[in-house]
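Worksheet: one structure, shown below.
The values are calculated or read from the model by the stated rules, or taken from the named source; none is laboratory data. Bear in mind the structure is a predicted one, so any value in this text is a computation, not a measurement. Backbone-built Cβ (ideal geometry, glycine too); neighbour counts: all protein chains shown.
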Amino acid sequence: MLGYIITIAILLRLYNSVAFFLVKRRIRGSAKVTPGSEPFSYKRGNKVALLIHGFTSTPKETSRLANFLQRQGISISAPLLPGHGTSPERLAIVKYPEWIGHIKREIKKLEKEYAEIYIIGNSFGGNIALILANFSKKIKGIITLGTPILFAHERISRYILLPILKRIKLFQRKVYKAEGIELLMQKRCNSYLSVPIRSVVQFARVIDLSKAALPSIKKPLFVVQSREDTITKVESAQFILNNVKSKEKSYLAIKKSYHNVLVDKVNPAMNQKILEFILKNRT
């Protein structure tokens, strides 16, 4: 019996490896960005908000907050992370250092143009923001929105289910608990409908790095978290606040938002709080 199980496991892994090889061959060449998923920027004042979108999403999800901030004189930079805004197959071949490296290069560009940089990371984008909080002296503050640090059933999912899944399948279709969310995510985010399992492994490594970075963070910090988050454990917000060394840190709880506080509905109070955080003089 054990021999049959081992044989099946080997065959499944071989099938997965061959399928992944064919995926890589099929996507050779330059990637074409889906219309509406492009990076964007607005040049206004000497303070710039670097908006980092979430996992499998695009800068489009940040557009409403970006429009609000730029009308208040805040410059905007909203880059597109590698593997996003194209196809799940493209995302499957990206390793986590590429996401971090891409934002590092964006910060280097912004250093030359602006006096103050504020990183606003949505969900997974917040993990990258935390990792790079100390990357530049011009980074004057970090804002995280629904950033995942803790998950329900994390040990089982990460150390049992994920290692099995990544060996037997390439992609997993997303399942949303709330009705109508899939359509909303497509309309306002241009997000993928399926997730590459290999990319989830890379995503988990970014979470680990962000968790490890917390004790070194002394920059002003503003944490936003939905109370009804169905993806990130709400305790993630308090974990971030409890483990950074920032003297200036604040927290805002959002009601009636399943996870993505930028797209569920317009939240004037949240936008105003973010603006106030940025407008404080930190030079």
Quiz item: Can you tell me how many residues in the stretch 175-212 are in a loop (DSSP other than H, G, I, E, B) and at pLDDT below 75?
Solution: 6
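Among residues belonging to the stretch 235-252 that are within 16 Å of the chain's Cα centre (by Cα) and more than 18 Å from Y118 (Cβ to Cβ), point out the one that is surrounded by the most Cβ atoms within 10 Å (Cβ to Cβ).
A237
Against the condition in a loop (DSSP other than H, G, I, E, B) and in contact with a Phe, Trp or Tyr (Cβ under 8 Å, 6 or more places away or on another chain), how does I149 come out, does it pass? Step through it out loud before you land on a result.
Numbers: in a loop (DSSP other than H, G, I, E, B): yes; in contact with a Phe, Trp or Tyr (Cβ under 8 Å, 6 or more places away or on another chain): yes.
Considered against the rule, which asks whether it is in a loop (DSSP other than H, G, I, E, B) and in contact with a Phe, Trp or Tyr (Cβ under 8 Å, 6 or more places away or on another chain), I149 comes out as yes.
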Quiz prompt | Residues of the stretch 236-247 classified as touching a residue at least 60 places away in the same chain (Cβ under 8 Å) and assigned to a loop (DSSP other than H, G, I, E, B), total | solution = 0
Exercise. Give the residues of the stretch 193-234 that are over 30 Å from K280 (Cα atoms) and among the small types (G, A, S), sorted by residue number.
Key: S194, S199, A204
Quiz item: Hey, any hits in the stretch 49-64 for a residue that's more than 24 Å from the chain's Cα centre (by Cα) and either within 21 Å of F203 (Cα to Cα) or modelled with pLDDT of 65 or more (or both)?
Solution: no
Practice problem: Go through the stretch 87-106 and give me each residue that's touching a Lys or Arg at 6+ places or on another chain (Cβ under 8 Å) and either under 18 Å from Q272 (Cα atoms) or modelled with pLDDT of 95 or more (or both). | Solution: Y96
Quiz item: Any chance the stretch 253-276 includes a residue that's buried (at least 19 other Cβ atoms within 10 Å of the Cβ), out of contact with any Pro (no Cβ under 9 Å at 6 or more places or on another chain) and part of a strand (DSSP E or B)?
Solution: yes
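Among the residues of the stretch 111-136, write down those that are of a type in the set (D, E, K, R) and touching a helix residue (DSSP H, G or I) at 6+ places or on another chain (Cβ under 9 Å).
As a first pass, look at the stretch 111-136 and keep what is of a type in the set (D, E, K, R): 111-113, 116.
Correct list: E116 only.
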Practice problem: From the list L69, L65, L80, L50, pick out the single residue that is on the phi < 0 side of the Ramachandran plot, crowded, with 19+ Cβ neighbours inside 10 Å and out of contact with any Leu (no Cβ under 9 Å at 6 or more places or on another chain). | Solution: L80
